[in-house]
Structures are given as structure tokens and as C-alpha cells.
Amino acid sequence: MLDIKNVHASVDDKDILNGVSLQVNAGEVHAIMGPNGAGKSTLASIIAGKEEFEMTQGSITLNNEDITEMDPEERAHKGVFLSFQYPVEIPGVSVTNFIKTAINGNRKAKGLEDMPASEMLKMIKEKADLLEIDRKFLSRSLNEGFSGGEKKRNEIFQMAMLEPKLAILDETDSGLDIDALKVVANGVNKLKSKDNAVIVITHYQRLLDYIVPDFVHVLMDGKIVKSGTKELAYELEAKGYDWIKEELV
Ligand SMILES: Nc1ncnc2c1ncn2[C@@H]1O[C@H](COP(=O)(O)OP(=O)(O)OP(=O)(O)O)[C@@H](O)[C@H]1O
Ligand SMILES: [Mg+2]
């Protein structure tokens, strides 16, 4: 599904990613862990095609199509979803209306008609129930005055509605209380299928108890320096990152 080859990226002439390669197959969940400033969010942005980073080398392929040169919107239409992609506050635009516009935008790009209102309403109800989202929340202005946890829940709601092929969740666990964490994780698990894939970026093994990854990768100094199964996350939780540095010397 996703094939990242030797990606180098920089911002303002500062190298941030130094040759990242990663392969994600449909049906898989990959976790990316690593110290602060390692380049995890940068990698997420590069996959989503955000323009503030310059990709200086490498290629990104999604479902056998080279997306390296595509803009973020095109990639979104191809099924790439990055949490925090839409963190903007839009007064006067409700959570529901925002997602309706996004869904119909995706459909338009595929040459499809708008989703019929009744179908949209049904889907909104279904996904809101799945994520235990209050109906009142859906009519609030997007991100305006949202608490940290509400913002995260809204992200997952957007993901649930857009049904992406590849979802990248960047620190979706930070700021969630225990119950919300379970709801969000449960939502992600229910959305998982053999046709889509998820990349979870997290600092804590705790989230991976709920969203069980098939693979765990450690990103350090702009490179994936170690990959393993979920046991690696336990090892990191217990030992931190220094031992990996020592292994590399
Ligand atoms: N727009 C920018 N301008 C300058 N430096 C940047 C920019 N964006 C990222 N960086 C730098 O790139 C490096 C990697 O940042 P990134 O946000 O990818 O790290 P991260 O692994 O997500 O860290 P964290 O765990 O703290 O979220 C950091 O040193 C950061 O300061
Ligand atoms: Mg980050």
C-alpha cells in the first residue's frame, strides 16, 4: 500500500529526515516511536505532502502510484489522512458541515455526485455512536473552544467519516483521559480492515495496548534505526532510547 524509499527532507536547509524507508501493507498497523525532535511528525507531514518541508531525495508510492509530487489535497483524495491536518478553528462552520464538505470534495475528485443527504445523516449518526460523540458536539463550530480531548475526538470522527486508505495518527493519545483513549482506540480498531492501513505515532506504549501494532519502528535522528513487533514497544517503555544509540555505535 505505502512504500517509502530513502526519503530525505529538510526545512530551511536543515536536514531532518536522512533516508527513511518504510513499507506498509494493507491490513497492517505500524507504530512509530522515537525521542522528541527525531522527525516523526516531519515524516507524517511528508507522507501527507505538506509544503513546508522539502523532500530532497527519495520516493513515496501509494497503491503503486507515485505520489511524491502530489499536493496534500490530491493525496487526501487518494485516501491519505493525517490527524491534525485540519486543526483550524472555523467559526460558523459546524463539525458536521465541515465533514460533509470534505466528503463531497473527495467524491467530486473521483467524479462522483454529492452523497445523498439521508445517507450522509445515517453515516454521521453511525460514526458518532461508534465514537460515543454527543450529538450537540456535532453542531458546534469547528475546533472553536474545543478542549484538547475534544479536538482529538473530532480528528478521529473525521477519520471515521472519510474512511481513508492510509490513516496517520500523530500523538492522538496525548491529552486524552483514560476513557477517551479507549473510545478512540476502539474506534480505530473498528475502522481497521484488510483494505486499509494505520500508522500510529506515539510516545507511550499504553496506546499500543489498545491499538495493537503489527510492527513498531524507532525513528532517531531522521532515520528508522530499529524495527520490531509490539514487544519492542515494551522494551522502549522499560529502557528508554539510550540503549539503541549504544547498539548503533
Ligand atoms: N518548520 C520548521 N522549522 C524549523 N525546524 C523544524 C520545523 N519543523 C520541524 N523542525 C525541526 O525538525 C526536527 C524534527 O521535528 P519533528 O516535529 O518531526 O519531531 P518529532 O519526532 O515529531 O518530535 P516530538 O516527539 O517532540 O513530536 C526538530 O528538531 C524540529 O525542531
Ligand atoms: Mg511530533
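Values quoted throughout were computed directly from the atomic coordinates according to the rules given, and no laboratory measurement underlies them. Here the structure is a predicted model, which means the values were calculated and not measured. Heads up, the Cβs are rebuilt from the backbone with ideal geometry, glycines too, and the neighbour counts pull from every protein chain shown.
Before rounding to the nearest 500, sum -39500 (n - 2.57) across all DSSP H runs of length at least 4 in the chain and divide by the residue total; then give [θ] at 222 nm in deg cm²/dmol.
Details: 10 runs with 100 residues, N = 249.
After summing the helix terms and dividing by the residues of the chain, the value is -12000 deg cm²/dmol.
For q = 0.19 Å⁻¹, what log10 I(q)/I(0) does the stretch 1-53 give under the Debye formula with an equal point scatterer on each alpha carbon and no solvent?
-0.68
If you count the DSSP beta bridges with both ends in the chain, what percent of them are antiparallel, to the nearest 5? Working shown, then result.
Working: 24 of 40 bridges.
Within the chain, antiparallel bridges account for around 60 percent of the total.
Go ahead and set up a Gaussian network model of the chain, Cα springs under 10 Å, then flag whichever of GLU150, GLU235, GLU163 fluctuates most.
Judging by the Gaussian network model, the answer is GLU235.
With springs connecting C-alpha atoms under 10 Å apart, model the chain as a Gaussian network and identify which of ALA167, ALA233, ALA26 has the largest mean-square fluctuation.
Fluctuation is largest for ALA26.
Starting with the highest mean, order 53-60, 68-75, 15-22 by the number of other Cβ atoms within 10 Å, averaged over the residues of each peptide.
Details: 53-60: 15.8, 68-75: 14.2, 15-22: 18.8.
Going by the mean number of other Cβ atoms within 10 Å, highest first, we get 15-22, 53-60, 68-75.
Given springs between every Cα pair under 10 Å in a Gaussian network model of the chain, which of LYS108, LYS230, LYS152 has the largest fluctuation?
Checking each option, the largest mean-square fluctuation is seen for LYS108.
Given axes a ≥ b ≥ c from the Cα gyration tensor, I'd like to know whether the stretch 167-214 is rounded (a/c under 1.5), prolate (a/b larger than b/c) or oblate.
Working: a/c = 1.87, a/b = 1.45, b/c = 1.28.
Since a/c reaches 1.5 and a/b is larger than b/c, the shape of the stretch 167-214 is classed as prolate.
Place the peptides 215-222, 125-132 in order of packing, highest mean first, counting for every residue the other Cβ atoms within 10 Å and averaging per peptide. Don't skip to the end; give the middle numbers.
Numbers: 215-222: 21.0, 125-132: 15.9.
Ranking, from highest mean packing down: 215-222, 125-132.
How high is the relative contact order of the stretch 33-75, in percent, with contacts defined as C-alpha pairs under 8 Å that are six or more residues apart? Display every interim value, and only then the final one.
Working: 26 pairs, mean separation 13.5, N = 43.
Once normalised by length, the contact order is 31 percent.
So who's got an amide H within less than 5 Å of the one on VAL216, skipping anything under 5 residues away but keeping other chains? H placed 1.01 Å off N, in plane.
Residues meeting the criterion, in which the H sits 1.01 Å from N, are ALA31, GLY228, THR229.
For the Cα atoms of the chain, what angle does the longest principal axis make with the long axis of helix 95-109, in degrees from 0 to 90, nearest 10?
For helix 95-109, the angle is close to 80 degrees.
Kindly provide the Kirkwood hydrodynamic radius of the chain in Å, to one decimal, from all pairs of distinct alpha carbon atoms. Walk me through the numbers on the way to the answer.
Details: mean 1/r = 0.0534 Å⁻¹.
Taking every pair of different Cα atoms in the chain, averaging 1/r and inverting gives 18.7 Å.
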